[in-house]
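Following: one structure in C-alpha cells, then a few remarks.
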Amino acid sequence: MAEDRRGQRPSRGGASGGRGGASGSGRSGSSRGAQGGGRSSDSRGDSRSDSRGGAGRTGGPKGSSSRGGYQGGKPAGGGKPAGGKPAGKGGGSGRRPVGSQDRAFRPRSEERPRTTEQSVYDGPDLPEDVTGAELDRGVRAQLKGLPEKLAARVARHLAAAGLLIDEDPETAYQHTLAARARASRLAVVREATGEAAYAAGHYAEALAELRAAKRMNGATDYLPIMADCHRALGNPEQAIKLAKSPSVANFIPEAKAEMTLVEAGARRDMGQLDAALRTLELAPLMSKSRSSWVVRLRYAYADTLEAAGREADALAWFHRTHAIDSEQLTDAAERAELLERRQA
C-alpha cells in the first residue's frame, strides 16, 4: 500500500504479556527491546490521514579464504615446493609457492568484494556502546542456548535494532537480518526480524518472519501486525480473517483495540464504511482511560464518521478525542476546527 505505516505500527504488547521481549515494556523478543514501548497504529485513523492505519534475507557465514598450496603448514603435493628444490636456507627460488591463495600473500586491493550474502551476515557496524545488556532479561535467556560469543553478537545486533527502529528502521532491519543469519532457529530472533521488517515497510518479509515465529512459539500476539501486513499487501480479506481468530477474545484491552483498528481499516479498504463503523462501535469508545489506544479508537471512529458523511457526529468525536489526547498523538483539534469552518 502507498500509505506510510511507520509510527502506526500495531502495538504487540499484550495478548500474553510474556513474549520474552527485547524491552522492559512487555514487547518481549521484539527488535524494539532496547528502548521499550512501541508506537501503535490506528486502522486508517492515523493522526494525519484516514488511510494510514492499523496496527530476510539469510546470509551464510563469512567466506574464508583457501589455504591454497599449503596444508597444515607443509607444502602440498608431496612435500616439495614448486621447482623441485628443497626449501630452506638459500635452497628455494624465492618465489611464492605455486597455487597459494593464502590471504597473507594477497594484496589488499586484490581481495574479492563481499557478496550480498556475506554483507547481510556481517550486518551494519555495531555501535561500541551497545553491549546487548540493553535487552530484556527474557530475551537474553533465550539466547543462552547459543555459544557464548555467538550469543553476544546476536544480542548486540538485536539491541542495536531496538535503538534504531524508530529513527532508522531500515538499518534496524539490517541488524535483525544479521542476527537471523546467525540464529534463525530462535523465535525471538524471527520475531525481531518481523517487527523491524514491518517498521521498514517490508510487509511480505514481515509477514513471513512473524509466521515463522508463531510456528516456533505458538504466540498469538503477532496477529494485529500480521493482519496489518495483509492490508498493506492488498489483502484486506485476510486481515479480517485474522481479526476473527478465536484467540483475539483473550487479548488484553490494548491488544483487542489494535485488532479492532486493523479490522476497521480493512473494512474501509473494501469500501465497507458501515461495517467499519459497526466494528469500531463494539470497542470501548467511552472508556474513561486516557491511554493511547483509547485515543486512537476515538480518532478512527471520528475519521470514519466523516468519511461516511456524518460530519456533525464526526465533529463531536474529534472533540472527544482531543479531550483525552494530552500527548497530542492525533490532529483531532485541527480536524475539528476544519469541520467547524465547513459547517459555519
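The values are calculated or read from the model by the stated rules, or taken from the named source; none is laboratory data. If you're wondering where the values come from, they're calculated on a predicted model, not measured in any experiment. Every residue, glycine among them, receives a Cβ derived from its backbone with ideal geometry; neighbour counts consider all protein chains shown.
Exactly one residue out of Y203, Y173, Y198 is in the same structural domain as D122 (by TED's automatic domain parsing), touching a Cys at 6+ places or on another chain (Cβ under 6 Å), on the phi < 0 side of the Ramachandran plot and not hydrophobic (A, V, I, L, M, F, W, C): that is Y203.
Residues in segment 154-170 include none that are outside any loop (DSSP other than H, G, I, E, B), in the same structural domain as A212 (by TED's automatic domain parsing), under 19 Å from R215 (Cα atoms) and charged (D, E, K, R).
Only one of R320, R298, R341 is farther than 22 Å from E258 by Cβ and not in a loop (DSSP other than H, G, I, E, B). Can you tell me which?
Details: R320 fails: farther than 22 Å from E258 by Cβ; R298 fails: farther than 22 Å from E258 by Cβ.
Criteria check complete, one pass: R341.
With respect to (1) farther than 30 Å from A204 by Cα; (2) touching a Lys or Arg at 6+ places or on another chain (Cβ under 6 Å), the lone exception for S289 is condition (2).
Find the residue count for segment 120-134, including only residues that are part of a loop (DSSP other than H, G, I, E, B) and surrounded by fewer than 19 Cβ atoms within 10 Å (Cβ to Cβ). Spell out how you get there, then give the answer.
Keep residues of segment 120-134 that are part of a loop (DSSP other than H, G, I, E, B), which gives 123-134.
Then drop every residue that is not surrounded by fewer than 19 Cβ atoms within 10 Å (Cβ to Cβ), which leaves 125-129, 131, 133.
Count: 7.
Being touching a Gly at 6+ places or on another chain (Cβ under 6 Å) and in a helix (DSSP H, G or I) is the filter; apply it to segment 245-259 and report the residue that is farthest from D228 (Cα to Cα). Checked segment 245-259; the qualifying residue farthest from D228 (Cα to Cα) is E254.
Does T220 fit the bill of being over 17 Å from A266 (Cα atoms) and not in a helix (DSSP H, G or I)?
yes
Restricting the search to segment 178-203, which residues are under 10 Å from the mean Cα position of the chain (by Cα) and surrounded by fewer than 24 Cβ atoms within 10 Å (Cβ to Cβ)? Once the filter is applied, which keeps residues that are under 10 Å from the mean Cα position of the chain (by Cα) and surrounded by fewer than 24 Cβ atoms within 10 Å (Cβ to Cβ), segment 178-203 yields A200, G201, H202, Y203.
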